[in-house]
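What follows is a single structure, written as structure tokens, with notes after it.
Read-outs throughout are calculated quantities, based only on the coordinates presented, and are distinct from any laboratory measurement. Nothing here was measured: the structure is a model prediction, and the numbers come from that model. Cβ atoms come from the backbone with ideal geometry, glycine included; neighbour counts cover every protein chain shown.
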């Protein structure tokens, strides 16, 4: 997996090559059951524009988290984007949302998948710390590696 983060733009980027065509990759992005295999377990994800997104979990040493948002772009076999907002059940939510975009690009017999997370600058004073924390979170989670393993195993 290739990481190409841009601290000046507060932009997080990961790319991975998956040895499968976009149709096969999309099959694990087009349903909540498929997304549970690589993005998060017990995920709420309504696959329609304006559809609801919610992800809950527990970070070792940090405690519970909850991210919420809505689907902003849904182009089968090409692009999926959704807003991402820290919205803890027992804490202070962010005042605005960031944006997670997943793009699929055919490359030879396979697919180049990119994950981009942007919009941290809108978080004001917390923008840099949230940007850095999310680099760490996405890196530790290894979501794109999990997607690759799930697609190539099916």
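By how many degrees, between 0 and 90 and to the nearest 10, does the Cα long axis of helix 127-141 differ from the longest principal axis of the chain? For 127-141 against the chain, the angle is about 40 degrees.
Principal-axis analysis of the Cα atoms of the chain puts helix 143-153 at an angle of about 20° to the longest axis. Candidate values [x] 14.2; [y] 8.8; [z] 16.7 were compared with mean projected area of the Cα convex hull in nm² computed on the shown model; the agreeing label is [y]. Only helices enter the 222 nm calculation for the chain: every DSSP H run of n ≥ 4 contributes -39,500 (n - 2.57), and dividing by all residues gives -7000 deg cm²/dmol, rounded to 500. A straight chain from residue 146 to residue 52 at 0.36 nm per residue would run longer than the Cα-Cα distance by 31.6 nm.
Residue exposure proxy: 87, 146, ordered by other Cβ atoms within 10 angstrom of their Cβ from fewest to most, comes out as 146, 87.
Ranked by how many other Cβ atoms sit within 10 Å of their own Cβ, fewest first, the residues 48, 85, 73 fall in the order 48, 73, 85. Under 13 Å from a label point set 7 Å out along the Cα-to-Cβ vector of residue 78, the amide N atoms of the range 97-126 belong to 103-106. Segment residue 9..residue 96, full-extension length gain: 29.6 nm, with 0.36 nm per residue of separation and the alpha-carbon distance subtracted.
By the count of other C-beta atoms within 10 Å, a proxy for reagent exposure, 18, 135, 140 are ordered fewest to most as 140, 135, 18. Mean separation of Cα pairs under 8 Å and 6+ residues apart, divided by the residue count of the chain: what relative contact order is that in percent? Normalised by residue count, the contact order of the chain is 27 percent.
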